[in-house]
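Heads up, the thing below is written out as structure tokens.
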Amino acid sequence: MVARNVRLLREQRGLSLAELSRRAGLAKQTLSNLEQGTGNPTVDTLFSIATALGVPVTRLVAEREQVITVQRGDEVVWQQHAGYETRSLDHIYGSGVIENYVVRIRRRSGGALEPSEPHPVGTLEHLFVISGRVRVGPADSPLELAEGDFARYPGDRPHVYESLADESLVHIVVSVPRVQPGTGATSTTRTDGNAKR
């Protein structure tokens with residue numbers, strides 16, 4: 001768990017192993033062993049890494065939040081307003097690049113489904129089914145959704161888009177976290193440049 005958290009936070013900040021080890025005042029090999037899950041860090045080592053990453057030490061030792069959320073269309077509560085109703089899909093706090101897509105997915109005629117490439121570390125996809133039925137989300141544990149359903153899932157691992165109807169229409173919001181200033185990264189790039197959809 002510590003290995004995964006340290007690697008994720010380091011990559012989100014665009015830091016190399018060498019740069020993080022320099023900032024934390026640790027040997028590069030010590031940090032490398034920790035990220036591979038073979039190290040046995042002391043409390044002082046964990047505090048040094050947390051300080052270098054700019055996070056509380058609890059972020060290193062806590063289980064990463066499960067980010068898959070599903071909201072079924074037939075279980076939704078609509079909020080009444082003067083002259084209209086609203087349905088809240090999701091709330092994500094932070095900043096970065098937000099991309100909106102309406103995607104038309106057609107039923108495949110055969111052959112293996114090829115997953116889309118992962119987006120940058122920390123990316124989330126928020127998908128609402130406008131019409132049809134789909135199988136979407138992480139390639140190793142896809143979700144089946146119908147018209148009116150909503151799901152949020154990690155976009156930073158291989159993921160799939162498959163129509164279970166002749167044609168399905170979905171709305172996808174891709175949220176790519178912004179790397180914190182001064183942490184080693186120079187810019188945030190759009191995910192639609194090279195990623196396969």
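The values are calculated or read from the model by the stated rules, or taken from the named source; none is laboratory data. The structure presented is a predicted model; accordingly, all values stated were derived computationally and were not measured. A quick note on method: Cβ atoms are made from the backbone with ideal geometry, for glycine too, and the neighbour counts reach across all protein chains shown. The accessibility values were calculated without ligands, DNA or RNA, using every heavy atom of the protein model including side chains. Shrake-Rupley method; radii C 1.70, N 1.55, O 1.52, S 1.80 Å.
Would you kindly identify the helices (runs of 4 or more DSSP H) lying entirely within region 1-91 that contain at least 2 residues that are under 30 Å from GLU144 (Cα atoms), at pLDDT 80 or above and not hydroxyl-bearing (Ser, Thr, Tyr)?
Working: elements: 2-12, 17-24, 28-35, 43-53, 58-61.
Where helices (runs of 4 or more DSSP H) fall fully within region 1-91 and carry at least 2 residues being under 30 Å from GLU144 (Cα atoms), at pLDDT 80 or above and not hydroxyl-bearing (Ser, Thr, Tyr), they are 2-12.
So which residues in region 112-143 are closer than 11 Å to VAL160 by Cα, at pLDDT 90 or above and either acidic (Asp, Glu) or in contact with a helix residue (DSSP H, G or I) (Cβ under 8 Å, 6 or more places away or on another chain) (or both), if there are any at all? If you could, list the steps in order and put the result at the bottom.
Taking region 112-143 first, the residues closer than 11 Å to VAL160 by Cα are 113-118, 134-143.
Still in the list and also at pLDDT 90 or above: 134-143.
If the condition is that a residue be closer than 11 Å to VAL160 by Cα, at pLDDT 90 or above and either acidic (Asp, Glu) or in contact with a helix residue (DSSP H, G or I) (Cβ under 8 Å, 6 or more places away or on another chain) (or both), then ASP140 is the only one that fits.
I'd like the full set of residues that are part of a loop (DSSP other than H, G, I, E, B), open to solvent by 40 Å² or more (accessible area, probe 1.4 Å) and touching a residue at least 40 places away in the same chain (Cβ under 8 Å), limited to region 111-132. Quick ask: steps written out before the conclusion?
Filtering region 111-132 down to residues part of a loop (DSSP other than H, G, I, E, B) leaves 111-115, 117-123, 132.
Checking which are open to solvent by 40 Å² or more (accessible area, probe 1.4 Å) leaves us with 111-115, 117-118, 120-121.
Within region 111-132, LEU113, GLU114, PRO115, GLU117, PRO118, PRO120, VAL121 meet the criteria.
Which residue out of ILE98, ILE105 is surrounded by 11 or more Cβ atoms within 10 Å (Cβ to Cβ), at pLDDT 90 or above and either closer than 27 Å to ARG7 by Cα or not aromatic (Phe, Trp, Tyr) (or both)? Before the answer, list the steps.
Details: ILE98 fails: at pLDDT 90 or above.
Going through ILE98, ILE105 in turn, the sole match is ILE105.
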Filter result for SER163 (more than 30 Å from ARG13 (Cα to Cα) and modelled with pLDDT of 90 or more)
yes
Need pairs with beta-carbon distance below 9 Å; first residue touching a residue at least 60 places away in the same chain (Cβ under 8 Å) and over 19 Å from ASP74 (Cα atoms) and within region 146-175, second outside any strand (DSSP E or B) and acidic (Asp, Glu); sequence gap 6+ or separate chains.
VAL173/ASP90; VAL174/ASP192
Considering only region 26-49, state which residues are surrounded by fewer than 16 Cβ atoms within 10 Å (Cβ to Cβ), touching a residue at least 24 places away in the same chain (Cβ under 8 Å) and not polar (S, T, N, Q).
GLY37
Checking ALA52 against (1) touching a residue at least 40 places away in the same chain (Cβ under 8 Å); (2) more than 20 Å from THR123 (Cα to Cα); (3) open to solvent by less than 30 Å² (accessible area, probe 1.4 Å): exactly one of these is not met. Which one?
(1)
